[in-house]
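Encoded as structure tokens, the structure appears first; notes follow it.
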Amino acid sequence: MSDILFTRNLEGAGMWSAVISRGKSLRLTALESGANVGMLLYNPHNLTERYNMPDTLKGQHIFRLAAPYCLHSDMGRIFCGITEDSLGWHETVCGTSDASAAAARYGEKNFQTARNAFHRNGRECFLIELAKWGLSKRDLVPNINWFSKLVTNEEGDLTFVPDRCPAGASVTLRFEMDALVVLNTLQHPLDPDPVYHPRPVRLDVFRSAQPAADDACRLSRSENIRAYENTEAYNLLREP
């Protein structure tokens, strides 16, 4: 991909946040099997607007994310559309790990005893990145878990599907409005693996064309058409 503007590998308990502007795409690539990427999204021009899991799911009549679905904000707009997806199933409802869950799964290992090999948790990683933008725990919302999948039984119990994400799996998001993107690579909270082992992931940001009238993300659901119209009006009125 010749027009890559930025690339970075997130390793260990990788954390990252940045503003990705409209007209760019973010590709996430698993560098080892079993990767998970937790993601939150905010409007950098109005941080009270953020990714909304209930609206994203109910507006598109889905339980999981895949191409060509979209990620909705809580103000009826589209943060991004999923334009490429090698797995076809990404988890939306289980959130992230906290300190007590991580300790119960992996055991206690703090910085004082383990230095940089200490165990982090997803909530802590999100809060560290959010603080860089003046946000805090009150701004946490349900996150996406890219590369992870769950199945349910007749009683509604959710079970993590292991060994599903191979090395090289990828998903690409085309941003339809400016977005503050917050990521971490901690393991999924329901991953039963007792070994603390966040997998490395590569980020690539590149330019992308604006969606056409017949774009697959726009037309995937009627609610997406309306949300794209809201987003285009918002962008038009923001332009100088």
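Since every read-out is calculated from the coordinates, none of them should be taken as a lab result. The shown structure was predicted, so the numbers you read here are calculated from the model rather than taken from an experiment. Cβ placement follows ideal geometry from the backbone for every residue including glycine, while neighbour counts extend to all protein chains displayed.
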Sole residue being under 23 Å from Ala131 (Cα atoms), out of contact with any Pro (no Cβ under 9 Å at 6 or more places or on another chain) and among the aliphatic types (A, V, I, L, M), chosen from Leu26, Leu10: Leu26
Test: residue in the stretch 186-197 that is among the β-branched types (Val, Ile, Thr), surrounded by fewer than 18 Cβ atoms within 10 Å (Cβ to Cβ) and closer than 25 Å to Ala35 by Cβ: yes
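Given the stretch 1-105, what strands (runs of 3 or more DSSP E) lie entirely inside it while holding 1 or more residues that are on the phi < 0 side of the Ramachandran plot, among the hydroxyl-bearing types (Ser, Thr, Tyr) and touching a strand residue (DSSP E or B) at 6+ places or on another chain (Cβ under 9 Å)?
Once the strands (runs of 3 or more DSSP E) in the stretch 1-105 are filtered for at least 1 residues that are on the phi < 0 side of the Ramachandran plot, among the hydroxyl-bearing types (Ser, Thr, Tyr) and touching a strand residue (DSSP E or B) at 6+ places or on another chain (Cβ under 9 Å), what remains is 4-10, 15-20, 24-30, 37-43, 46-50, 78-85.
Quick one: which residue in Glu91, Glu49 is within 21 Å of Arg226 (Cβ to Cβ), acidic (Asp, Glu) and either under 12 Å from the mean Cα position of the chain (by Cα) or buried (at least 18 other Cβ atoms within 10 Å of the Cβ) (or both)?
Checking each option against the conditions leaves just Glu49.
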Enumeration of residues in the stretch 220-231 that are in contact (Cβ under 8 Å) with a residue 40 or more places away in the chain and in a helix (DSSP H, G or I): Glu223, Asn224, Arg226, Ala227, Tyr228, Asn230, Thr231
Subset of the stretch 151-181 that is among the small types (Gly, Ala, Ser) and surrounded by 14 or more Cβ atoms within 10 Å (Cβ to Cβ) - its residue that is farthest from Ser86 (Cα to Cα): Ala179
Filter result (over 18 Å from the mean Cα position of the chain (by Cα) and surrounded by fewer than 17 Cβ atoms within 10 Å (Cβ to Cβ)) within the stretch 113-130: Thr113, Ala114, Arg115, Asn116, Ala117, Phe118
Subset of the stretch 86-104 (residues that are aromatic (Phe, Trp, Tyr) and touching a Phe, Trp or Tyr at 6+ places or on another chain (Cβ under 6 Å)): none
